[in-house]
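The values are calculated or read from the model by the stated rules, or taken from the named source; none is laboratory data. None of these values were measured; they are calculated from a predicted model. Positions of Cβ are backbone-derived with ideal geometry, glycine not excepted, and every protein chain shown enters the neighbour counts. Heavy atoms of the whole protein, side chains included, go into the accessibility calculation; ligands, DNA and RNA do not. Shrake-Rupley method; radii C 1.70, N 1.55, O 1.52, S 1.80 Å.
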Amino acid sequence: MEHFMKPAPIEKKYFTPGVMVFVVLAAIGLVFLAIRFIGGIGAVTNLDNQHPWGIWIGLDVALGVALAAGGFTSAALGHIWHREHYHAIIRPALLTALLGYTFVAVSVAMDLGRYYYIWHPLIMWNGTSVLFEVGICVMIYLTVLYIEFLPIVAERFIGRVNLPGLLSRLNKTVDSLLRALDRGLDKTMFVFIIAGVVLSCLHQSSLGSLMIIAGPKMHPLWQTPILPLLFLLSAIGVGFPMVIFESLISSRSFGLKPETPILTNLGNIIGPILGIYLAFKIGDMVIRQTFVYLTTITTESVMYAIEIVIGVIVPLRMFLSEQVRKSPAGLFIASSLVIFGVFMNRLNTFLVAYTPPYEMTTYFPSVGEIAVTVGFISIEVLLYRLMVKIFPVISHPQKDVAPQTKFSVRGMI
Amino acid sequence: MLKQDRRSFLKTSALIGAGITGLKSKDTKAQTRHVISEDRMGVLVDTTVCIGCRKCEWACKTAHDLPAGDIESYEDRSVYEKMRRPDDKALTVVNEYSNPDPTKLPTNVKVQCMHCDEPACLSACIVGAFSKDESGSVVWDTEKCIGCRYCMIACPFQIPAFEYDKALQPDIKKCDFCIERTTQGQLPACVEICPVEALTYGRRKDLIEVARKKIKNYPDRYIDSILGDTEVGGTSWMYLSGRDFQELDFPKLGEDPAPGVSESIQHGIFAYFVPPISLYALLGGVMWLNKKKEKSKEE
Ligand code: SF4
Ligand code: SF4
């Protein structure tokens, strides 16, 4: 009899030497963050009036949002296109998106000169501002992600509510509340799932529109009116590679068998998406004739070439090969390259391409900026590990359980 | 950017809206929600007259409660060795450009916010902290600003500056066209102090007339161009010069308002919320169909 795969909390020890490294990195990041709050943004970053945005926006926010795209792409595939066999990846992708977006929000706050006014956009609207739209969409989407995660919390605690001390008298009440919540969510979840996909499409693309207003301050290789479309396509393109990348890492780290068949199936979809993205990227270059900038060796042309060749063309070719898609190692390398490509693209669009008319110095992130970015990533990894130990997120073989489809969307119409 | 690009973009944005019809290509003019008064004021800077005494720098700081120092210290011309930019401690600065013809005098250029008619900063600001006053001034509201610095990304003249060294309540600093003085009937501080009348304050309309007349009467003195007349949709501050403006480090900008492209894209994606709602409906439909397929398979 084959074991049935079901999401369940992982029972492994939390601390390993690898985890300790992340703890140290997280601590260093937090120290630099403290300096930012004492001495202002200038005390930690290399930002100045010529370069108002650095890696805290270009990577922590823009790349963070792109890499969290696995959440909405797998929700679309699993719930909307209703491919049951992908359900094993939906929860890990959801958790990644949840943590990813939470840290996007935190990173934005850290980068705001007046972080305590972060709620202002809720009541002070500016319809012409792309940033306003991104901000509002991200806020709503983050809420949607938490709602999507609630059933997992309910599943974990229903029938197991065990509050300490005096509070234990409330056990029954909390339990029935959870049950009511779960039932209610079960019927309405499809509303949130579709909303999540729509909101993602909106802000993933608008994140690209952000830099359009910089006009001639941006290098023509990246400044194009189809930036929003390119951002949306690359986000969709990086969604599944991110899921594969994580799935392989966590099965390794938790000593589980990699879910190669599902990942291979996912890999089948990636090639075509990357192909479409590449076609738009090249088409745009041809129409605007920006290839002339590639004939000389400059930082921009080299960065552009790396982005396209190593970050798009090579992994595209790899995903088209069946051999690569069938082997965990091949999938891992190809997925890493796609992630690298999107990393390069966001870095290029937000930082490399940005050349203000009066540039007296060039921007390179300070040690503090890098430490904070690395620290945030470490905290995310640590939280992920903690969450999968507490909540039923990762599917692994279980004995004596019946197939369960509860969290597919039901009760449509 | 080419006109064609935008049009083809708008077509693709229809794709983003997942094949929704009703998305018409709008022209790319920015939507002016702010009042643009016919009688808005402006300043005409005649760089052929400016002697680079930097008194305006001192007056500006004094008027805006910034540490100004001694007015005599501004006679030091060694600052001209390097190009300077307005920042959080000086809302206006004067630069000097030596003349390629050594028998001629160098040109001095005062730099500050241009007070655009279609300000990119205003369009971009996430909370709408900027407004264009009827008087022409583009002013910033400290009550709203959250310090995201998107205005700095947007401004085509690279003007807004940020107080990076402040942990609490850092401001965006830029010239406010002395709005507090002008509403009380006073001249902007820089205009008032200028000893050679290189700066003329007046209705923007009239200033353009004045500038045209000057160019017509002294064709040897001026090049036939007013910077700010049409650049990025027109600005309240305008410049006359005897040399090409690019030689004086003015950015080369087209006539389209800086926020135009981004606003029309934004408008395309959000046209009355039709695209997002249609996408929602479309996905709902797909979900329902797939669900049905599944059911019929089970039966
Ligand atoms: S020059 Fe820059 S800061 Fe001044 S109004 Fe124009 S866009 Fe705004
Ligand atoms: S820094 Fe302030 S004024 Fe500038 S765009 Fe952000 S909120 Fe608006």
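Okay, here's what the table says:
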item: Rounded tilt (10° steps) of A:130-157 against the dominant C-alpha axis of chain A; result: 20
item: Cysteines having no other Cys beta carbon under 4.7 Å from their own, within chain B; result: B:50, B:53, B:60, B:116, B:125, B:145, B:148, B:155, B:178, B:194
item: The protein assembly as shown - convex hull of alpha carbons, volume per residue in Å³; result: 192
item: For chain B: relative contact order, % (alpha-carbon pairs under 8 angstrom, 6 or more apart); result: 27
item: Residue-averaged [θ]222 nm for chain A, counting only DSSP H segments that reach four residues, each worth -39500 (n - 2.57); result: -20500 deg cm²/dmol
item: In order through segment B:77-85: 3J(HN,Hα) via Karplus (6.51 cos²θ - 1.76 cosθ + 1.60), integer Hz, x for Gly, Pro; result: 8, 5, 4, 6, 5, 10, 6, 10, 10
item: Average beta-carbon neighbours from other chains, 10 Å sphere, peptide A:278-289; result: 1
item: Global geometry of segment B:228-292, whether rounded, prolate or oblate, following the gyration tensor of its Cα atoms and the 1.5 cut on a/c; result: prolate
item: Relative contact order (%) - criterion: Cα under 8 Å, at least six apart; region: segment B:146-297; result: 11
item: Efficiency of FRET from Cβ geometry, residue A:294 and residue A:360, R₀ 25 Å, rounded to 0.05; result: 0.40
item: Protein accessible area in segment A:47-363, 1.4 Å probe - carbon and sulfur %; result: 72
item: At 1.002 mPa s and 20 °C, Stokes D of segment B:88-140 from Kirkwood alpha-carbon radius, µm² per second; result: 157
item: Degrees between helix A:17-39 axis and first principal axis of chain A (Cα, 0 to 90, nearest 10); result: 60
item: 15 Å beta-carbon shell around residue B:41, net charge (K/R +1, D/E -1); result: -4
item: Spin-label zone in segment A:61-85 - amide nitrogen under 13 Å from a point set 7 Å from the Cα of residue B:289 along the C-beta vector; result: A:81-82
item: A:361, A:264, reordered so the largest accessible area comes first (probe 1.4 Å); result: A:361, A:264
item: Computed over chain A: relative contact order in percent, which uses C-alpha pairs under 8 Å that are six or more apart; result: 34
item: Residue-averaged beta-carbon neighbours from other chains (10 angstrom radius) around A:191-197; result: 3
item: Segment A:54-81 versus segment A:21-35: alpha-carbon centroid distance in Å; result: 24
item: Spatially proximal aspartates and glutamates relative to residue B:144 (Cα-Cα < 17 Å; intrachain offsets below 8 disregarded); result: A:111, A:133, B:133, B:163, B:171, B:176
item: Order by protection proxy (mean Cβ within 10 Å, highest first), peptides B:65-71, B:139-145, A:47-53, A:162-168; result: A:47-53, B:139-145, B:65-71, A:162-168
item: Rg/Rh ratio calculated on Cα atoms of segment B:47-198 (Kirkwood radius); result: 0.98
item: Whole-angstrom gap from segment B:64-110 to segment B:210-257, using each part's C-alpha centre; result: 20
item: Chain B: calculated mean residue ellipticity at 222 nm from DSSP helix runs of at least 4, using -39500 (n - 2.57); result: -9000 deg cm²/dmol
item: Calculated from backbone phi, Karplus (6.51, -1.76, 1.60) coupling profile of segment B:116-131 in Hz, x at Gly/Pro; result: 4, 6, 10, x, 5, 4, 5, 5, 7, 3, 4, 10, x, 6, 9, 9
item: List A:276, B:153, B:223, ordered by accessible area with a 1.4 Å probe, largest first; result: A:276, B:223, B:153
item: Solvent-accessible surface (1.4 angstrom probe) belonging to residue B:58, in square angstrom, nearest 10; result: 70
item: √(5λ) per eigenvalue of the Cα gyration tensor, chain B, largest first, Å; result: 46, 23, 17
item: Hz values of 3J(HN,Hα) by residue in segment A:44-58 - Karplus curve (6.51, -1.76, 1.60), Gly and Pro given as x; result: 10, 9, 9, 6, 8, 5, 7, 10, x, 10, x, 6, 5, 8, x
item: Nitroxide proxy distance, nm - points 7 Å out along Cα→Cβ at residue A:327 and residue B:229; result: 6.9
item: Solvent-accessible area, 1.4 Å probe, carbon plus sulfur percent, for segment B:197-273; result: 49
item: Between segment A:254-278 and segment B:157-185, the Cα center-to-center distance that results, in Å; result: 51
item: Built amide H within the under 5 Å cut-off of residue B:227, gap 5+; result: B:239
item: Rounded accessible area of residue A:291 (nearest 10 Å², 1.4 Å probe); result: 90
item: Largest to smallest accessible area among A:87, A:120 [probe 1.4 Å]; result: A:87, A:120
item: For the pair A and B, total buried accessible area rounded to nearest 100 Å², probe 1.4 Å; result: 6300
item: Shielding score for A:349-362, defined as the mean number of other chain Cβ atoms within 10 Å; result: 2
item: Rounded if a/c under 1.5, otherwise prolate or oblate - segment B:54-127, Cα gyration tensor axes; result: oblate
item: Rounded to the nearest 10 Å², the accessible area of residue B:243 at probe 1.4 Å; result: 30
item: Alpha-carbon spread of segment A:47-363, three principal axes, descending order, Å; result: 72, 53, 31
